[in-house]
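Chemist: My questions will all concern the structure given below.
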Amino acid sequence: MKKIIFIILLSIAISSCGDSENTMNISGTVKGLKKGTLYLQKAIDTALVTIDSLQIEGNGDFTFKTEIESPDIYYLYLKKEDNNTINDRITFFGEPGNITINTSWNTFDANAKIEGSASTKKLEEYKSIMSKFNTKSFEYIGAINSPDIINNEAAKDSIITLNNKNNLKGYLYTLNFALNNKDSYVTPYIALTEAADVNVKYLDSIHKSLIPKVANSKYGKKLKAHIETLKAK
C-alpha cells in the first residue's frame, strides 16, 4: 500500500514539475473547424515567428505550451483550407498561467473569447473605448470626402477641427489610461504603440509611475529605451 501511495505521489510530483512559473498553457476550441493548421506566433524584432503549430483534423480542440520571458503580444493564426485570408489571426497578451481561447472557424478573430489573461482583458478594455474615437474619426474623414462637402472649404475646415479635437481626446484617454493602470503590462505597450510621438515628458511620467515588475518587463524596458532616445535628440 505504501509503495502504491509513493508511486502516485511521485507521478504527481513529476507532472507538476513540467510547468515552471514562466509556463504559458493555451487551450481551446475552434468550433466547426474540420481541417486546418493552427500556429502560435509572436513578433521578434520585425519578423513574425512561429513558436509552435498544430494540424487540425476533424476536431477543433487545441493546446499549446511555451515558456515566456516576459508578458508579450502573441498571435493565434489559423491557416484554413478555404483559400480565405480574412479573419485568420487572433491577437492576445500572453503571460504565465492557463489561457483559454474559444472561437469559430468562420469568424475566427471576430468572436474569439479569451479567458485567463488579465493583460488581454485590460487591452480589450482600452481598445473598446479607443474604437469609439477611431470610428468617429473615420466618420469625419468620410464626411470631408463626401460630394456635399469636398468643395466647401468652410465646411471642410469645420470638420477637420472636429476631427482634431476627437484625436486629441483619444490621446488624452490613452495617457489617462496609462497613468491609471501602472500595474498592468499593457500600459508600456500602449504607450509605445499608441502614444510614442507625444511629448516625452508624458511618456516619462507614465514610465516613472509603473510598478517595478512592469517597468522591468519587455515593454517597460522598451519604453525606457524610447524615452532615452527622445531625450538624446
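Chemist: Say R0 is 41 Å: what FRET efficiency, to the nearest 0.05, do GLU228 and THR29 get from their beta-carbon distance?
Modeler: My answer for the efficiency is 0.40.
Chemist: In addition: Explain nothing, just compute: Karplus ³J(HN,Hα) = 6.51 cos²θ - 1.76 cosθ + 1.60, θ = phi - 60°, for every residue of segment 60-74 in order, whole Hz, x for Gly and Pro.
Modeler: Computed from phi, the couplings for segment 60-74 are x, 6, 8, 9, 9, 9, 8, 8, 10, 7, 7, x, 8, 6, 10 Hz.
Chemist: I would also like to ask the following. If the cut-off is 16 Å between C-alpha atoms, which aspartates and glutamates fall inside it for LYS222, apart from same-chain ones fewer than 8 positions away?
Modeler: Hits, sequence-local ones excluded: ASP45, GLU69, ASP72, GLU194, ASP197, ASP204.
Chemist: Please give the net charge around PHE133, taking every other residue with its beta carbon less than 12 angstrom from that of PHE133, where Lys and Arg add +1 and Asp and Glu add -1.
Modeler: On the way: positive: LYS127, LYS132, LYS136, LYS165, LYS169; negative: GLU139, GLU194.
Counting the neighbours of PHE133, the net charge comes to +3.
Chemist: Let a ≥ b ≥ c be the square roots of the eigenvalues of the Cα gyration tensor of segment 95-166; is it rounded (a/c under 1.5), or, if not, prolate (a/b larger than b/c) or oblate?
Modeler: In terms of gyration-tensor shape, oblate.
Chemist: On to the next question. Does the chain come out rounded, prolate or oblate by the C-alpha gyration tensor, with a ≥ b ≥ c the root eigenvalues, rounded set by a/c under 1.5 and, if not, prolate when a/b is larger than b/c and oblate if not?
Modeler: oblate
Chemist: So, one more: What is the calculated FRET efficiency for VAL200 to GLN55, with r their C-beta to C-beta distance and R₀ = 35 Å, to the nearest 0.05?
Modeler: 0.15
Chemist: Another question, if that's okay. As I understand it, the value is the acute angle between the Cα axis of helix 153-179 and the longest principal axis of the Cα atoms of the chain; what does it come to in degrees, rounded to 10?
Modeler: With rounding to tens, the tilt is 40 degrees.
Chemist: Going by alpha carbons, how many degrees (0 to 90, nearest 10) lie between the helix axis of 200-209 and the longest principal axis of the chain?
Modeler: 30
Chemist: Still on this structure: Quick one: net charge around ILE26, please, counting Lys, Arg +1 and Asp, Glu -1 for every other residue with C-beta under 15 Å from its C-beta.
Modeler: Working: positive: LYS42, LYS65, ARG89, LYS113; negative: ASP19, ASP52, ASP61, GLU67, ASP72, GLU95, GLU115.
Once positives and negatives cancel, what remains is -3.
Chemist: Could you pull out every residue, at least 5 positions away or on a different chain, whose amide H is within less than 5 Å of the one on ASN152? Hs are placed 1.01 Å off N in the peptide plane, and Pro or chain starts have none.
Modeler: Long-range HN contacts for ASN152: none found.
Chemist: How far, in degrees from 0 to 90, does helix 118-144 lean away from the longest principal axis of the Cα atoms of the chain, to the nearest 10?
Modeler: Roughly 30 degrees, rounded to the nearest 10.
Values quoted throughout were computed directly from the atomic coordinates according to the rules given, and no laboratory measurement underlies them. Keep in mind the model is a prediction, meaning the values are calculated, not measured. Quick reminder, even Gly has a Cβ in these numbers, built from the backbone with ideal geometry, and neighbours come from all protein chains shown.
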